[in-house]
Structure formats: structure tokens, C-alpha cells
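Just so it is clear, none of the values below were taken in a lab; they were calculated from the coordinates. Values in this document were obtained by computation on a predicted structure and should not be read as measured data. Positions of Cβ are generated from backbone atoms using ideal geometry, with glycine treated the same way; all protein chains shown enter the neighbour counts.
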């Protein structure tokens, strides 16, 4: 019932009546174009109003359900990435260890030389 | 010798028509423009090569074109003919689209609606030129500047015009940097082009997660015909914003959209067989498409100026031109034209808001036309 009152149904009725002369066909086409544009505007105006209201609704909601930073960031990592993270850390650790060892050996040898 | 003579009679050198030659040249021009001018290369290269492939004349009994039942090309064309590829492309677009700028400035959504005036005026223009209502609806959607939407609607309403509509839509999308700037400059003053807009606010993760589901419900309750396109668009966006399906989002916005783009572009190109494509109707469609695109651009710019009559924080009217949904090209054009006046004015982020709203708007317009005209 509600749908029958929308512009969409009106548009359909106009289309089915496209039987007359060219001028009436054009007149009906103009109505179709106008109603179609109005429907697009209605949808996007409602979308715009929803977007405008959303921060306020969420602000109220956050008093009972506070938003946590990065709530699911970790779960977006795949297993392989987590494994890779470990591997990268191990590699960095190995390089640092090797570098420190090399520096210590250099200091020792320079101490012995002096 | 007779065998050789018979064979020569089946070669392209003998059976090639002027129409085939013209289409092959058009295909080469597409590839040339994509490579040298960087005009939508991801689309023009597959379409151009497809046009060349589709216009090599073969013997009638070999059945190799997209229109021959059982041919390999006909299977590739299936996704175009039945509107399978466009929703898959929308899935990828959704997975790569960041709606943050739109969420931070909801007023700009209206510019995406205003640009759809091009769709409906062209629909009327096509009726005036003598096209039937279904064909007029399919032609009008070219003004949405959205190739997948144009293909989807043409496959539903006017399959006979599909290749002409698809080529027109993609050609004009590629020509955004040429078509839009003169209209934008003509309709704005220098002072208007210099307007700087407030930086967008930070949008919370929760807003971004809620938006795709809510926006889908709002849009499709009003225009149920847009369920398929918007369903896939917002599904793709939910994959991105939910933060728990990053792998799926990554696939949708990279490998999957690339595969579908290749198949869609090539199949559309291959469908431009001279006999089907080089008609008076195609010329009219190209003319209407250009008109549609120009009206859509003007509609967005003029509506931004109209909104400025009531707003304290003015919108740079150039941003209105991004209401056509050629993402992100029209937003880039806005940035380029804006920076010609003021090199320190960054309009790209602001222009992305009507740009993505335009995607939603053109899908709704397609849904409305489909619902009304079937």
C-alpha cells in the first residue's frame, strides 16, 4: 500500500500508459524524468541526513559502549603475517647481535694493539 | 592452386569491409590514447584490443564472434550480456573506496544527486529523438559517467544498444579531463574557484563500519532496483571497513576487479562488430552521451552554487563537477582546475565526497529506471 504511493509506482504507471501520440509520450517522459530525479534526490537526502545524525547517535552510544582504539586491528592480520612479524623481529635481533659482536671484537683488537 | 585460391578467399584481405577497417582504426586509436595520453588505460587497452579482435572478418560458418552461440568470445560476453561483470566491479570499487570524506561532510552528498540530472534529461532527449522508453533509459544512464552501471542497465533494458552505450560511457569517462574543465570554468567565477574549504573531520571506525549497511538499507528501500549494484558496492566496503576481512577486501580490490575489468573491457570491445556498431543509432547515442555528460557536470556545479546561497561555510563550486561518478578522475579534474587558480588549494579530498556519492546516485538512478521501465 505504501509502495503504491511512492513515486516509483507512479513512474511505472506513467510508463505503461505510453501509447499516445509523440507529444503525449514526450510529456509523460518529462514526468518520468522529473519523478526519477526526485527519487534519486530523496534517497541521497535521506542518506545525507543519516550521515549527519550518525556522530550524535554514536556519541550517545559511546556512553554505554565506548569505542576502543584499534578494536579488531590484530585480527585483520593473517596468520602468515603474524608469523612474518616474528621472523622479521628475529632477523633484526640477529643483525643487531652480529653488529654488537663485531663492534666488541673491534674494540678488543684495538685495545690489544694499543 | 585451387586450394590456395579458396584459402585466399577466406582471408581477412578479401572479406574485410570498410566498417571493419573503421572499427579496427578506432580500436587502435583507443590503445594509442591509453598509452600516449594515459586516458583510462585499464579500460581503453582491453576495449581497443577487443574492438580489433571483434572486427577481423571470419567465415560465417566458423562462428567466432561474441554473437555466435558456443564461441569462446560468446562465453566471455555472457558476463556482459547478463549483467554479471558490473556488480563484481562494484564489489571491487566498494573494497577500495574510502567514504570518510563523504561521512565528514554530508552536505556534499547532494552534489552527487544533482549530477544525476544529466541522466534524466538525456532520457528525455532520447525519447525526443524517437528512441523507445527502455532504450532511452539505457542511453540516459551514460550521464551517470559510470561504465559498469551503464552496461548493467543496458543489458537489462536495451541489449541491442549495449555495445554502443558501453563504448560511449567508457569513452566519455576517459575524456573527463577534456570535457569537464571548460564547463567548470564557464559556470564559475575566479572568486568561486578560489574558495577554500574546511579540512574534513576525522571519522570514527564505528561510523565507517555502520555506514555501508545503513546506506544500503536506506538506498534500496527507496530504489529496490539498485539492490544488485549497491549491494555489491556496500558489501565490498564492509569487507574493507570491518577490519576483520582484510584478505577478502584485498582480493576484491586487486585481483578480482582486475580480472573482471579485463574480461569486461575485452568482451565489450569484441562486441563492436562493424555491422552491429556502425549505425545511425550509435552516432545518436554518442551525441546524447556527450550532452548527458556535459549536463551532469553543469548540474553539479550549478547546484553547488545554489547551495552556497544558503550556506555560511561556502562550498567551492568546482567540487560539484565531481558529482558525476567517474571515480577518481573527475575528483582529480576538480583538483587540477582548482590548483590552476590557487596552487595551494587542495580540493581533491573534498571532491571525493560528491564523487563517491555520484556512484551511489547513478546506481540509484539505474535502479529507478530499471524498476520503472520493465
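Equivalent ellipsoid of region B:118-261: semi-axes from √(5λ) of the C-alpha gyration tensor, largest first, are 30, 25, 16 Å. Legend: mean number of C-beta atoms from other chains within 10 angstrom of residue C-beta atoms, peptide A:24-34, equals 5. For peptide B:106-117, the mean count of partner chain Cβ atoms within 10 Å of a residue's Cβ comes to 5. The long axis of helix B:72-81 is offset from the longest Cα principal axis of chain B by roughly 30 degrees. In degrees from 0 to 90, rounded to the nearest 10, what is the angle of the helix B:117-128 Cα long axis to the longest principal axis of chain B? Helix B:117-128 sits at roughly 40 degrees to that axis.
Between residue B:254 and residue B:312, the simple spin-label model (points 7 angstrom out along Cα→Cβ) gives 4.7 nm. FRET efficiency for the residue A:45 to residue B:13 pair, using the beta carbon distance and R₀ = 41 Å, is estimated at 0.10. In this simple spin-label approximation, residue A:88 and residue A:58 carry label points 7 Å from Cα along the Cα→Cβ vector, and these lie 2.8 nm apart. Rg then Dmax, both in Å and based on the Cα atoms of region B:301-351: 10.7, 29. Using the alpha-carbon positions of chain B, Rg (one decimal) and Dmax (whole number) come out as 21.4, 85 Å. State whether region B:49-147 is rounded, prolate or oblate according to the following rule on the C-alpha gyration tensor (a ≥ b ≥ c being the square roots of its eigenvalues): a/c under 1.5 gives rounded; otherwise a/b larger than b/c gives prolate, and the remaining case gives oblate. It comes out oblate by the Cα gyration axes.
Of B:328, B:148, B:343, which has the largest mean-square fluctuation in a 10 Å C-alpha GNM of chain B? Per the Cα network of chain B with a 10 Å cutoff, B:343 tops the list. Its Cα gyration tensor gives the protein assembly as shown an equivalent ellipsoid. The semi-axes, each the square root of 5 times an eigenvalue, are 43, 35, 22 Å from largest down.
Cα gyration tensor of region B:246-317, axes a ≥ b ≥ c as square roots of the eigenvalues: rounded (a/c below 1.5), prolate (a/b > b/c) or oblate? Oblate is the answer for region B:246-317, as a/c is 1.5 or above yet b/c matches or exceeds a/b. Among B:305-313, B:153-161, B:34-42, B:319-327, sorting by the average number of other beta carbon atoms lying within 10 angstrom of each residue, highest first, gives B:319-327, B:153-161, B:34-42, B:305-313. Per-peptide packing, taken as the mean over residues of other Cβ atoms within 10 Å, places B:10-18, B:166-174, B:193-201 in the sequence B:166-174, B:193-201, B:10-18 from highest down.
Taking a ≥ b ≥ c as the square roots of the Cα gyration tensor eigenvalues, region B:195-283 comes out prolate, since a/c reaches at least 1.5 and a/b is larger than b/c.
The mean number of Cβ atoms from other chains found within 10 Å of a Cβ in peptide B:121-132 is 3, as a whole number. In chain B, the longest principal axis of the Cα atoms and the axis of helix B:205-222 are about 60 degrees apart. Mean separation of Cα pairs under 8 Å and 6 or more residues apart, divided by the residue count, gives chain B a relative contact order of 29 percent.
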